[in-house]
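Below is one structure, written out as structure tokens, with a few remarks after it.
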Amino acid sequence: MKKIYKYLFIGGLSLSIAACQKNFIDLEPTAQFTDAVYFAKASDFKAFATNFYNQLPGWSFGSMDNNSDLSANSNSNGYDIGHGTIAAGSTNWDYSGIRNCNILLGKAASYTGADNIGQYVGEAYFFRAFAYFNLLKTFGGVPIVTTVLDVNAPELFGARSSRYQVVAQILADLDQAIAQLPIEQNIAGADKGRTSKWAAAALKAQVELYEATWEKYVGQKTDGDGAGAGAGTAGYDAANINKYLADVVTLCKEVMDKGGYELWNKNGDSKMDSLSSYYLFNLEDAGSNPGGYDKTTNKEFILYKVFDYTYKQARLNITWTAWQLYPSRKFMDMVVCRDGLPPEKSPLFQGYHTVSSEFQNRDLRMLNYLYGTKTAPTSVTLTYGSLGYSGYSNSKYAVYGYGSRRKDNEESANWPIIRLAEVYLMYAEALYELNGSITDDQLNASINKLRARSNVAPLTNGPATANGLDLLTEIRRERAVELYREGKRFDDLKRWGILEASLNPSRLGRVVGDAAYATPFKDASGKATAIYTPGSYVYGEEEVTTPAGTLKCVVVDSYQNHSVALKHYLYPVPVSQILLNNKLLQNPGY
């Protein structure tokens, strides 16, 4: 994106607004404005609202679930929550994005122009809700600010609102956004990337599912009393759990039926070799895949951060780093076989006797995400490295033609924040949480579309019952596999109330077996072979239950390093903020 900058001086606030000629707008010639002459016409509101998009997360290795239970990386990204080492004084929060939204909303209230500014007002409500949702997931209850404050405003010295009050504010803002934003089909090509009514509906579903399941499984354990610690429980209503879940179903169904979105499934094109789940995440121009598909063919992303090779490259070493995002033993064993059954239940599962055995007859996503191929590896060198080698690779986010078509830091695919696949998953999960059941027709309208792209048999009630499967577990499994390394895992573990149980065990890698279970890493006598160097793994091996029974696996990150506790469901309130305002009480446990 070619960036053109204006510096606005509005209410004492200096802003740098970056606009995009290709995707969003051309701004007027560079100038300085005051609020006496700015916000006089709709284009002023549009230019100001464009700045909101800087709030969207983009390419970041901290957003790829490193140090979660599904990741065998022990690097710094996600280390604090993954190991339970979050410390008071290690956090901060930023209300600048919320302030910018409040500026536009305040100016909109006094706008008398003839042109319609509803879309930009809707964007302000959307991004204010988006910012508060991120604060909620991080800290729980936080101060709510809906107007532009000066340095003496009493709100700067008030107590935190409870999580329930913050959720109510988020949902009210999203209702306003839904009412005023355009549908995706009416957003012009030059403005693609701006948020739509459907994106607001999908975000509202995400918020409500998060909060409903949090209240169901975590409850008020982390709230504190609001008098000595925490933000308290003001506004709590037990009836909201089912209310929110029912709304999630309605919102997701509307997006599914009316949004015009579709899964990016090019597996029918022989040139794509059934690798849609690989190419989707590095989709750029027609050269980004052998089928010649560019970003205009992607109708799966609903909310995303826009990047472009010419105008706005990601400027991160994405491909090289993506190859080092090693999956854990737990992830490998979660992936179903092509008959739709978990490997421990499936007669198709081939065990671990050769390097490629466990890849046979499995969900296409396993190979698409890990190797960018349909063919399992036939050899592997299993030696511990600086990031911790699990014996597996990763290809999700790595570009096609790396080193020739694209070099380091040039990768420019859009970053997905909410895509249709997640809407399908939210729909199925909310239905089951609400009713304790889900019909085959509802599964076919959602999760089974993802399974079809992955060449996996559908999930249906009959076979599930016959094989002793719990449908909620299978829905959660599908979410873990489909959204692998998309920055959702820690939030899911929290809202399901299983953070400690999931993060405290060791992160394991390849099965290396023993004399009783020969693998390519040991000969028949149990002697180590050249491609497995036991001494390089400082934590050695650990026995773990696998689909082939209890077997020894290499330990990448030992349980001895992990001490995740209930308090880690929330981060500590920034000490710097407490020093400025002693009415801000710290979260329990810190």
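Bear in mind that the values in this text are calculations on the coordinates, not laboratory data. The model shown is predicted, which means the values in this text are computed figures rather than measured ones. Because the Cβ atoms are built from the backbone with ideal geometry, glycine has one as well, and the counts that use them run over all protein chains shown.
Quick look at the values:
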{"item": "Cα point-scatterer Debye curve for the chain, base-10 log of I(q)/I(0) at q = 0.09, 0.10, 0.12 Å⁻¹", "result": "-0.74, -0.92, -1.32"}
{"item": "Alpha-carbon Debye profile of region 135-291, log10 I(q)/I(0) at 0.21 Å⁻¹", "result": "-1.27"}
{"item": "Residue-averaged 222 nm ellipticity for the chain, from DSSP H runs of 4+ at -39500 (n - 2.57), nearest 500", "result": "-9500 deg cm²/dmol"}
{"item": "Inverse of mean 1/r across different Cα pairs in region 357-472, Kirkwood, Å", "result": "17.4 Å"}
{"item": "Relative contact order for the chain, counting Cα pairs under 8 Å that sit 6 or more residues apart, in percent", "result": "19 percent"}
{"item": "Positive-end residue of Trp320, Ser270, Met332, charge dipole of region 246-346 with Cβ unit charges", "result": "Trp320"}
{"item": "Aspartates and glutamates with Cα under 13 Å of Lys552, excluding same-chain neighbours fewer than 8 positions away", "result": "Asp514, Glu541, Glu542, Glu543"}
{"item": "Charge tally in the Cβ shell below 15 Å around Lys221, where Lys, Arg are +1 and Asp, Glu are -1, Lys221 excluded", "result": "0"}
{"item": "Charge dipole (debye, nearest 20) of region 152-256; +1 at Cβ of Lys and Arg, -1 at Cβ of Asp and Glu", "result": "200 debye"}
{"item": "Global size of region 115-198 as Cα Rg and Dmax, reported in angstrom", "result": "15.0, 45"}
{"item": "Charge dipole (the chain, unit charges on Cβ, about Cα centre) - positive-most of Ser357, Gly232, Ser576", "result": "Ser357"}
{"item": "Tail fraction, Cα-Cα pairs, region 159-214, threshold 20 Å, whole percent", "result": "35 percent"}
{"item": "Principal axis dimensions, region 267-415 - Cα atoms, whole angstrom, descending", "result": "49, 39, 27"}
{"item": "Region 347-404: equivalent-ellipsoid semi-axes (sqrt of 5 x gyration tensor eigenvalues, Cα, Å)", "result": "21, 17, 9"}
{"item": "Inter-site label distance for Ser525 and Val538 at 7 Å from Cα along Cβ, in nm", "result": "3.2 nm"}
{"item": "Distribution of pairwise C-alpha distances over region 199-346, 10 Å bins, in %", "result": "9, 21, 28, 27, 13, 3, 0"}
{"item": "Test item: Cα-centred dipole of the chain, Lys/Arg +1 and Asp/Glu -1 on Cβ, debye", "result": "860 debye"}
{"item": "Reachable lysines, given that their alpha-carbon falls under 27 Å from the alpha-carbon of Lys221 and they are not under 8 places away in the same chain", "result": "Lys137, Lys204, Lys243, Lys488, Lys494, Lys567, Lys583"}
{"item": "Positive minus negative residues near Glu411 (Lys, Arg vs Asp, Glu; Cβ under 14 Å)", "result": "+3"}
{"item": "Under 18 Å from Lys407, Cα to Cα: lysines that are on another chain or at least 8 residues apart", "result": "Lys312, Lys396"}
{"item": "Stokes-Einstein diffusion coefficient of region 512-590, Kirkwood radius over Cα pairs, 20 °C, 1.002 mPa s, in µm²/s", "result": "130 µm²/s"}
{"item": "Difference of contour (0.36 nm per residue) and Cα-Cα distance, Ile183 to Thr112", "result": "23.1 nm"}
{"item": "Cβ-based net charge around Asn467, under 13 Å, with every Lys or Arg adding one and every Asp or Glu removing one", "result": "-3"}
{"item": "Value of D in µm² per second that Stokes-Einstein yields for region 459-550, Kirkwood Rh from Cα pairs, at 25 °C (0.890 mPa s)", "result": "149 µm²/s"}
{"item": "Segment Ser270-Ala239, length gained on full extension (0.36 nm per residue, minus Cα span)", "result": "6.1 nm"}
